[in-house]
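> Quick one: the structure is below, questions incoming.
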Amino acid sequence: MSITYECVLLGTFDSSLLDKVRDKLRVICDANGDLHCHEKVMSVQAGPNTTNGRMVMRREGIDETDESAKWCVCVKWRRVCNSYKPPGLLCVFSELNQRHSRTFPTNAQKSRYNPQLLIRSTINLPLDTNHNAVEFVQALGYNPNHEFSKRGDTYMCNGVIVGVYQLHNVGVNGERVHEDNVWMVEVRSLPVVPDQSAVADPLNVAMHNCLKLKATLKPLVLLKRVEH
């Protein structure tokens, strides 16, 4: 088991811009491929801030019988800039069903709240089956909320993964979650381990790269923090 951190930006755009978005990414990105991902959203009652009460179980690949694809658990925090203090392993497990925002200093004079950027603490779970993974997360106090699959394209640029996809319900029909003309964009950094003693904290570098890519896509994509 390992714990890493990701920076995440989410957004939407109209299908009429799909070709323009793809062309832009092909020019600025080093590689691209297919995106197939299955996600389960788990929730816990944690007051009005639902982000602090959510956990996402994610695995690459839609086929539930594929034993080579393992689940990872993503706990999402809002970012408080310039005052990040990563919780340790014991803190993560003991506080999973509490309001995680208290792990961040909130001195208004020293920090700046960024409502768009999410920080995900990712725990990679070496659990072989869907049942075991769900059972583990439920033991922490989280209950199933909804699930979906992402189907589309993925691009890589300077340590940032960009997913261009539509959300589909998981089930027999697999219908789209949104209207056919709604496409999603996820700008996500590669997993990093924060090191505030370093000359350049890897988490801050990841944030910078995500925001830089956001500026490139801004004319085409409405990037904002969304729940799905």
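The values are calculated or read from the model by the stated rules, or taken from the named source; none is laboratory data. Note that the structure is predicted; figures quoted are calculated from it, not measured. Cβ placement follows ideal geometry from the backbone for every residue including glycine, while neighbour counts extend to all protein chains displayed.
> When you check residue 164 against the structure, is it within 15 Å of residue 14 (Cα to Cα), crowded, with 17+ Cβ neighbours inside 10 Å, under 14 Å from the mean Cα position of the chain (by Cα) and at pLDDT 90 or above, yes or no? If you could, list the steps in order and put the result at the bottom.
Values: within 15 Å of residue 14 (Cα to Cα): yes; crowded, with 17+ Cβ neighbours inside 10 Å: yes; under 14 Å from the mean Cα position of the chain (by Cα): yes; at pLDDT 90 or above: yes.
In short, yes.
> Which one is farthest from the chain's Cα centre (by Cα) among residues in region 132-153 that are in a helix (DSSP H, G or I) and surrounded by 15 or more Cβ atoms within 10 Å (Cβ to Cβ)? Before the answer, list the steps.
First, the residues of region 132-153 that are in a helix (DSSP H, G or I): 132-139.
Now restrict to residues that are surrounded by 15 or more Cβ atoms within 10 Å (Cβ to Cβ): 133-134, 136-137.
Details: 133: 18, 134: 18, 136: 20, 137: 17 Å.
Result: 136.
> Next up: Criterion first (out of contact with any strand residue (DSSP E or B) (no Cβ under 8 Å at 6 or more places or on another chain), polar (S, T, N, Q) and modelled with pLDDT of 80 or more) does residue 158 satisfy it? Don't jump to the end; show me each part of the working.
Values: out of contact with any strand residue (DSSP E or B) (no Cβ under 8 Å at 6 or more places or on another chain): yes; polar (S, T, N, Q): yes; modelled with pLDDT of 80 or more: yes.
Yes: the conditions hold for residue 158.
> Right, here's the next one. What's the total number of residues in region 154-180 that are in a loop (DSSP other than H, G, I, E, B) and not charged (D, E, K, R)? Lay out the reasoning, then the answer.
Looking only at region 154-180, we keep the residues that are in a loop (DSSP other than H, G, I, E, B), and these are 158-159, 170-175, 177-180.
The next check asks that each one be not charged (D, E, K, R); those that pass are 158-159, 170-174, 177-178.
Residues meeting the conditions: 9.
> Here is a further query. Does residue 33 satisfy the condition of being in a strand (DSSP E or B), in contact with a Leu (Cβ under 7 Å, 6 or more places away or on another chain), among the small types (Gly, Ala, Ser) and at pLDDT 85 or above?
Working: in a strand (DSSP E or B): yes; in contact with a Leu (Cβ under 7 Å, 6 or more places away or on another chain): no; among the small types (Gly, Ala, Ser): yes; at pLDDT 85 or above: yes.
Considered against the rule, which asks whether it is in a strand (DSSP E or B), in contact with a Leu (Cβ under 7 Å, 6 or more places away or on another chain), among the small types (Gly, Ala, Ser) and at pLDDT 85 or above, residue 33 comes out as no.
> Also: Is it the case, given these coordinates, that residue 213 is farther than 23 Å from residue 34 by Cα and not in a loop (DSSP other than H, G, I, E, B)?
Values: farther than 23 Å from residue 34 by Cα: no; not in a loop (DSSP other than H, G, I, E, B): yes.
Answer is no for this residue.
> Taking only pairs six or more apart or across chains, which ones have beta-carbon atoms under 6 Å, a first residue in region 139-165 that is free of Cβ contacts under 8 Å to residues at least 40 places away in the same chain, and a second residue that is among the charged types (D, E, K, R)?
Cβ pairs passing all conditions: 161/188.
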